[in-house]
Amino acid sequence: MKEYFNNIFTALYTILVGMKITFRHLFIPAVTIQYPDVKLKLPERERNRLYVNMDDCIGCDQCSRACPVSCIEIETVKSVPGEDLGKTSNGKKKVLWVTKFNIDFAKCCYCQLCVFPCPTECIYMTDVYEFSEYERENLIYDFVPLTPEEREQKKNNYEKFMAEKAAADAAAKQAPKEEPKKES
């Protein structure tokens, strides 16, 4: 019978010790943060998602060449005479249409090496770090504001201009050359 009461005492004692620890932690401030609702302040020089300001991009392809994992794809087309592309915020005149500017964030190693060679400072790291996707194809970001039809139109305009220029050059070569008359 002594063992029976000893077991009851031990059970109650262990429950009280557990409750004491639980009650003590009820009144201590939480150490963890509630992540989706509360976010920590990021360090000043964090490296997260890239952003490209296409109004400032001149299509120089330096960011693509600096990328160690080749996650940046750029295609450009020269503008034809008469098209005004405007200027960047730094005052540089734009001469190329950027018809493709894709960054594959599935490949990106967030090294920030593409940011520094940019002469117009149009590519930079943002503070956005949440961009999970279910499909890998959704991690390819297209920054060009042109519609697919406009992209094709710019390519066709340049090809047509080059064809006309080549035809004019060929016509100039085919024109009969007049030889100066010799006076004897």
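Average accessible surface for the chain: 78 Å² per residue, computed with a 1.4 Å probe over protein heavy atoms with every protein chain in place. Given the choices (i) 10.5; (ii) 9.8; (iii) 22.3, mean projected area of the Cα convex hull in nm² derived from the coordinates of this structure is entry (iii).
Against the chain, whose longest principal axis is taken from its Cα atoms, helix 2-26 shows a tilt of about 40°. Taking the longest Cα principal axis of the chain as reference, the axis of helix 148-174 is set at about 20 degrees.
Classify the range 83-184: rounded, prolate or oblate, from the alpha-carbon gyration tensor (a ≥ b ≥ c, eigenvalue square roots; a/c under 1.5 rounded; otherwise prolate if a/b is larger than b/c)? In terms of gyration-tensor shape, prolate.
Identify, among Asn102, Pro117, Met19, the residue whose Cα sits farthest towards the positive end of the charge dipole of the chain, taking +1 on the Cβ of Lys and Arg and -1 on the Cβ of Asp and Glu, with the dipole about the Cα centre. Result: Met19, furthest along the dipole toward the positive end. Sorting Leu16, Leu96 by solvent-accessible area of protein heavy atoms yields Leu16, Leu96, largest first, with a 1.4 Å probe.
Only helical runs count toward this figure. For the chain, summing -39,500 (n - 2.57) over DSSP H runs of n ≥ 4 and dividing by all residues gives -10500 deg cm²/dmol at 222 nm. In this structure the amide hydrogen of Lys100, modeled in the peptide plane, comes within under 5 Å of the amide hydrogens of Glu75, none closer than 5 places in sequence on its chain. Probe radius 1.4 Å, ligands and nucleic acids ignored: give me the carbon and sulfur share of the accessible area of the chain as a rounded percent. Solvent-exposed carbon and sulfur of the chain make up 55 percent of the total. When the pairs Lys100/Lys173; Lys94/Lys165; Lys41/Lys107; Lys87/Lys155 are compared against a 29 Å limit on Cα-Cα distance, Lys100/Lys173 fall above it. Restricting the trypsin sites (Lys or Arg not before Pro) of the range 72-141 to loop positions (DSSP other than H, G, I, E, B) with no more than 16 neighbouring Cβ atoms within 10 Å leaves Lys92, Lys107.
The values are calculated or read from the model by the stated rules, or taken from the named source; none is laboratory data. Because the structure is predicted, anything quoted here is derived from the model rather than measured. Note that we place each Cβ from the backbone using ideal geometry, even for glycine, and neighbour counts take in every protein chain shown. Just the protein is used for accessible areas: all its heavy atoms, side chains included, with ligands, DNA and RNA removed. Shrake-Rupley method; radii C 1.70, N 1.55, O 1.52, S 1.80 Å.
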